[in-house]
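Undergrad: Got a structure for you, written out below as structure tokens; questions coming shortly.
FYI, it's all coordinate maths here, none of it is from the lab. Computed from a prediction, not measured in an experiment: that's the story for all the values here. Using ideal geometry, Cβ is built from the backbone for each residue, glycine included, and neighbour counts are taken over all protein chains shown.
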Amino acid sequence: MGAAIKVATDEAIEEFNDEGNTVRDPHVKALHYRIEHAETVMYESPKPLRHEEAGFTVQLEDSRAVIEMKDHHPSRESAREAVEGFLSAWELKSALESGQDSLQFTYERADMIDRNPEPGVVVLYAEAAQVAIQGGDVSFRMNLTSFPPPPTDMAVDADVEFLFAIYQMFRQGTRTLSDAAYLSLTVLERRFRGAKDTRKAAAQHFGIDKNVLINIGKLTGEKGGLTARKAKGIENKYTAAESQFLQSAMTTIIRRASEVAYDPGANKIKITLADLPQI
């Protein structure tokens, strides 16, 4: 009688146990993701990209991303937890640099093996059906010939995630510029509410000149026209330069917050008014 055949898929452990077998040493060999992006972005035959991290290797090719695990993970949940912080930082970096959602990773499946299988059992891999995504006619505004490079000094924590969500809502028109920029400022300051000078403490922690934060607070408190936060700003519309300053300040804050999340103790070059559009 030939060897029994077991199929390793995302539900490998559950399926094996349902059949009355025991997976003695489950191991995630690889994770598979689908690469997605905004309809305003189109990739034109990008070259494959391979990137090495300490615990895994990422291979991007066509519309797929395969993460080969170097470290041992007994479950797909453990493996995903190990890689998806890095993938989130990659998505954030590409969005900030391109102004578009140019790289998004959607989880599809995990390849699993039993490193100590039962005698006479051969483990094979089951390929999940690939989902074809088709859209309507779109006027693409950005053509990319290569994948965005991976991050080297960025991480995504709860504050960074919230800051980026605020910025995305502004881009989508569900938050005004005044509201989004001021809320971004308060996210930086909220952990220092007990300090004698909250704004100064936030500026020092994030390596941002206090005058940058002062200008954000002043503009969002005193100007804005019909989208002003306060009544005194209704008659004072933003100039084009002031609008550009606030938008650039938001993306700069997101980037710096992600750098601090990656390494809170690292010395950062201070962000000053000279790094932002002049007002």
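Undergrad: What value does region 162-231 have for Rg/Rh, both radii from Cα atoms and Rh as Kirkwood defines it?
TA: In region 162-231, Rg relative to Rh is 0.99.
Undergrad: For ALA165 and LYS230, compute 0.36 nm times the residue count separating them, minus their Cα-Cα distance, and round to one decimal in nm.
TA: Stretched out fully, the ALA165 to LYS230 stretch lengthens by 21.1 nm.
Undergrad: Given LYS29/LYS93; LYS237/LYS270; LYS232/LYS270; LYS200/LYS268, which pairs have Cα atoms separated by over 23 Å?
TA: Where the Cα-Cα span goes over 23 Å, the pairs concerned are LYS29/LYS93; LYS237/LYS270; LYS232/LYS270.
Undergrad: Continuing with this model, one more query. Among the lysines, which fall within straight-line cross-link reach of LYS230, defined as a Cα-Cα distance under 17 Å, with same-chain neighbours fewer than 8 residues apart omitted?
TA: Within the straight-line cut-off, LYS230 pairs with LYS218.
Undergrad: Spin-label point model (7 Å from Cα, Cβ direction): what's the GLN172 to GLU68 distance in nm?
TA: Going by the 7 Å Cα→Cβ label model, 3.7 nm.
Undergrad: Let me ask something additional. Debye sum, Cα scatterers, region 158-275, no solvent: what log₁₀ I/I(0) at q = 0.10, 0.11, 0.21 1/Å?
TA: Ignoring solvent entirely, the Cα scatterers give -0.28, -0.34, -1.21.
Undergrad: Okay, moving on. Could you calculate the contour length gain from ASP153 to LYS270, that is, 0.36 nm times the residue separation minus the distance between their Cα atoms, to one decimal place in nm? Let's see the in-between values first.
TA: Working: separation 117, 0.36 × 117 = 42.12 nm, distance 1.58 nm.
That works out to 40.5 nm of additional length.
Undergrad: Using 0.36 nm per residue, how much length does the chain from ASP197 to HIS51 gain when fully extended, once their Cα-Cα distance is taken away?
TA: So the chain would gain 48.3 nm between ASP197 and HIS51.
Undergrad: Scan around TYR43 for amide H atoms under 5 Å from its own, H built in the peptide plane at 1.01 Å from N, and keep only partners 5 or more places away or cross-chain.
TA: Under 5 Å from the amide H of TYR43: LEU144.
Undergrad: If we sort 84-96, 208-220 on the protection proxy, mean other Cβ atoms within 10 Å, highest first, what's the order?
TA: 84-96, 208-220
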